[in-house]
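The structure under discussion appears below in the form of structure tokens.
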Amino acid sequence: MLLIKCPFCGDRDELEFSCGGEAHIARPLAENTLTDAEFADYLFLRDNPKGVFLERWIHTDGCRRWFNVARDTVSHEII
């Protein structure tokens with residue numbers, strides 16, 4: 001079980017949250033010039049690092065606000 005610190009509600013059980021994936025994904029500015037393969041890469045391919053990873057989380061059973069979390073992908077520790 002992870003305890004996730006919501007910046008608005010404090011420490012809560014991980015069951016109250018949903019992970020939205022990798023944080024800081026920039027949408028391509030000239031997306032109409034991308035090939036289908038390039039746009040598919042933007043939509044579906046994400047980093048999968050070993051170590052610290054920045055993620056977006058939403059407090060679904062609480063304040064329903066989005067925030068960023070730094071998490072170690074090896075130990076699952078919230079940093």
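Residues that are surrounded by 12 or more Cβ atoms within 10 Å (Cβ to Cβ) and aromatic (Phe, Trp, Tyr) were ranked within the stretch 33-65; the one that is farthest from Cys9 (Cα to Cα) is Phe39. Being of a type in the set (A, V, I, L, M, F, W, C), farther than 27 Å from Asp11 by Cβ and surrounded by 11 or more Cβ atoms within 10 Å (Cβ to Cβ) is not true of Ala30. Name the single residue that is nearest to Glu55 (Cα to Cα) among those in the stretch 5-34 being part of a strand (DSSP E or B) and touching a His at 6+ places or on another chain (Cβ under 8 Å). Residue satisfying both the conditions and the ranking: Cys6. Beta carbons closer than 7 Å, at least 6 apart along the sequence or on distinct chains, pair a first residue in the stretch 1-18 that is closer than 14 Å to Glu77 by Cα with a second that is modelled with pLDDT of 95 or more and exposed (fewer than 11 other Cβ atoms within 10 Å of the Cβ) for Leu3/Asp11; Lys5/Asp11.
The values are calculated or read from the model by the stated rules, or taken from the named source; none is laboratory data. Bear in mind that the values here come from a model prediction, so they are computed numbers and not experimental data. Glycine also receives a Cβ, built like all others from the backbone with ideal geometry; neighbour counts cover every protein chain displayed.
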